[in-house]
Amino acid sequence: MKRLIQFLLLSGFVHGGETLPNGIVLPVEWPPRIGGDAGKPPLETFSKPGDPPEPPYLKTKPAVIEIDLGRQLFVDDFLISEMTLKRVWHQPVKFADNPVLKPEKPWELGTTRTPMAAPFSDGCFYDPMTKRFMLWYSSGWYDSTALAVSRDGLQWERPEYDVFPGTNKVMLKVNDDWRRDTVSIWLDHDAARPDERFKATMFCRSGALGTKLDNYHPGLLLLASPDGIHWTLRGQTKHSKDNTTMFYNPFRKVWVFSHRIHIKHDDGRYERARAYWETKDFFSVAGEAMKERTPVYWMSEQASDLRETTKQGSAAIELGNSTLAQIYKIDATPYESLMLGLFEILSGPTNDECAAEGKPKRTDLQVAFSRDGFHWSRHRETFIGGTGKSGSWDRGYISSVGGGCLIVGDELLFPYGAFAGDPSNTEKYYVWGGLYANGATGIAKLRRDGFASMRGPGTLTTEPVRFSGKHLFVNAKGSLRTEVLDADGKPIVGLTAAECTAFNGDSTRARVSWKGNLASQAGKPVRFRFHLAEGDLYAFWITSDERGSSGGYVAGGGPDFDGGRDQKRTRP
């Protein structure tokens, strides 16, 4: 009986829990326990529960989908009832002047032959108070955290701060023997206390530079800052591992900790995977809360993600400690009406093999999307990847950033870290070897909402939706007409395709109009049918703002926003 109830919960047949802004009703038991608890520190689990389930909200959709919050993207079939269009995925283009930061300063070049000026998650946000972009990054491998700033998100400067005078380093070391590993930083626009406006986690190892490091001490540090420069330690927990990250899910107002766990296979191999833990109070992770609610298993790579192996004689060399691809890290951010995930996927080679050749590991970024914050629709092609070529600044070990991306005009900017490696450095302690040398920062650009488009010619009809706004906007290029259908699927007089002013052009924010009044349908279940003669439809949304602000979330932000959402501005 218990297994039956769990199956029904995971399948979406039993609800009764929290209702999300999009109309999805979560199960009473949340988060779901796909494979039970992740285990006690250091978060080991000894069996693989199986492939992650598909998002249950795609199988059992709300009777009426609420679309008041944010742009509505076609990255899955949640909004779609029927269509003859084709979904096309798009990849960002790397900035021509990459890298935008590279190791140049003494504190970035370091003393261990592992220069670095790149985010290792860290964070990148636009601060509307200072009107500048802020990028935190690792200055030197396992060394310090520095902060660069920019006016446009492309050209970056290193101001001198008073934390370490004469440098742009910002985080004081709590202990001289603690080495920073993964850092996650978040700009909390809704912080109740000004001194907690910026929040951070830092996983540390202990030991001196250039020596063998302790993997699991002192664990995860929790920090707060009023300005992103001056930080104070607010708590500590050992319930963690490297590449543990955190992010904020504003749709449910919870902080999510994405813990790395290891799955032990029957043949003795270890596989990297993820566990999930959430809390309303960010700093409660340092108290008793995590002891009372153990992180649950979240996800690992599926068997379908088998990667190529290299051969040495007759024996296959396992890539990344496994012949399967592995989830190395997850960063996520709220984007418009959903959560955008950047999954760092490891596909080899092993640490030892990389160390022997002084080359970086092969990790690439994939995108994923979630409408409940737990289940993901993944696009399994590379979104941002390394070149794999010796001598290239971004040969491999690609890392996403906290905040995910920035919004600048009609573009999304994705900061990322990458490594060139150093074949001349084969240090015996491989954590100081060439595989972790010469880390730098790049930017990749994508059209706003441009992850996937629905390509014509053809039509797309939505599921029943409900809104309270007055104006329909689209992100599209090509030739488009739109009609509104009533509950019986019949075109509404005044809002038919024939009465729609055709859109012809290319715009990330184009208003659609009819002879009739769209506001007359507010609060009623309707469907939209898009007629695309040719071109691409990326997103649509309804708003009361005639200028087109969506009310949705804006990831790391940008100069057009006063906070974390795309809202009608209170100032010109």
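The values are calculated or read from the model by the stated rules, or taken from the named source; none is laboratory data. In this text, all values refer to a predicted model and were calculated from it rather than measured experimentally. Cβ placement follows ideal geometry from the backbone for every residue including glycine, while neighbour counts extend to all protein chains displayed. Each accessible area value is taken on the protein alone, full model and side chains, heavy atoms only, with ligands, DNA and RNA left out. Shrake-Rupley method; radii C 1.70, N 1.55, O 1.52, S 1.80 Å.
Summing Lys, Arg as +1 and Asp, Glu as -1, what charge do residues with Cβ under 9 Å from the Cβ of Lys445 carry, Lys445 excluded? Walk me through the intermediate numbers first.
Numbers: positive: Lys94, Arg447; negative: Glu411.
My count for the surroundings of Lys445 gives +1.
Annotation for segment 197-284: trypsin sites (Lys or Arg not before Pro) lying in DSSP loop with at most 10 further Cβ atoms inside 10 Å of their Cβ are Lys253, Lys280. Looking at the chain, the accessible area is 38 square angstrom per residue; that uses a 1.4 Å probe and ignores ligands, DNA and RNA. Of all the accessible heavy-atom surface of the chain, with the other protein chains kept in place and a 1.4 Å probe, what percent is carbon and sulfur? Result for the chain: 50 percent of the exposed heavy-atom area is carbon or sulfur.
Only protein heavy atoms count here; on that basis, with a 1.4 Å probe, Thr459 has an accessible area of about 50 Å².
Taking every pair of alpha-carbon atoms in the chain, give the share separated by more than 32 Å as a whole percent. Tail of P(r) above 32 Å: 46 percent of Cα pairs. Normalise the Debye intensity by I(0) for segment 318-417, one equal point scatterer per Cα, no solvent, then take log10 at q = 0.16, 0.19, 0.21, 0.22 Å⁻¹ and round to two decimals. Scattering profile of segment 318-417, log10 relative to I(0): -0.71, -0.93, -1.07, -1.14.
With a cut-off of at most 11 other beta carbons within 10 Å, and DSSP calling the residue loop, which trypsin sites (Lys or Arg not before Pro) in segment 414-457 qualify? Please list them. Present the calculation step by step, with values, prior to reporting the outcome.
On the way: sites: Lys428, Lys445, Arg447, Arg448, Arg455; in loops: Lys428, Arg448.
Here the trypsin sites (Lys or Arg not before Pro) that fit, given the DSSP loop and packing criteria, are Lys428.
Evaluated at q = 0.11, 0.12, 0.22 Å⁻¹, the base-10 log of the normalised Debye intensity for segment 461-572, with identical point scatterers placed on the Cα atoms, takes the values -0.37, -0.43, -1.24. Relative to the longest principal axis of the Cα atoms of the chain, the long axis of helix 2-11 makes an angle of roughly 70 degrees. Projected onto their three principal axes, the Cα atoms of segment 103-157 cover extents of 37, 18, 14 Å, largest first.
Report, in listed order, any pair from Lys61/Lys524; Lys490/Lys515; Lys169/Lys212 with a Cα-Cα distance greater than 22 Å. Table pairs above 22 Å Cα-Cα are Lys169/Lys212. Packing order of peptides 416-423, 61-68, 87-94, 533-540, highest average first: 416-423, 533-540, 61-68, 87-94 (average count of other Cβ atoms within 10 Å over each peptide's residues). A P(r) calculated from all alpha carbon pairs of segment 163-226, with 10 Å bins opening at zero, reads 20, 42, 30, 7, 0 percent.
The order of the peptides 558-565, 404-411 by mean Cβ neighbours within 10 Å, most packed first, is 404-411, 558-565. Kirkwood analysis of segment 61-154, using all unique Cα-Cα pairs, places the hydrodynamic radius at 17.3 Å.
Mean residue ellipticity, 222 nm, helices only, the chain: the sum of -39500 (n - 2.57) across DSSP H runs of n ≥ 4, divided by residue count and rounded to 500, is -1000 deg cm²/dmol.
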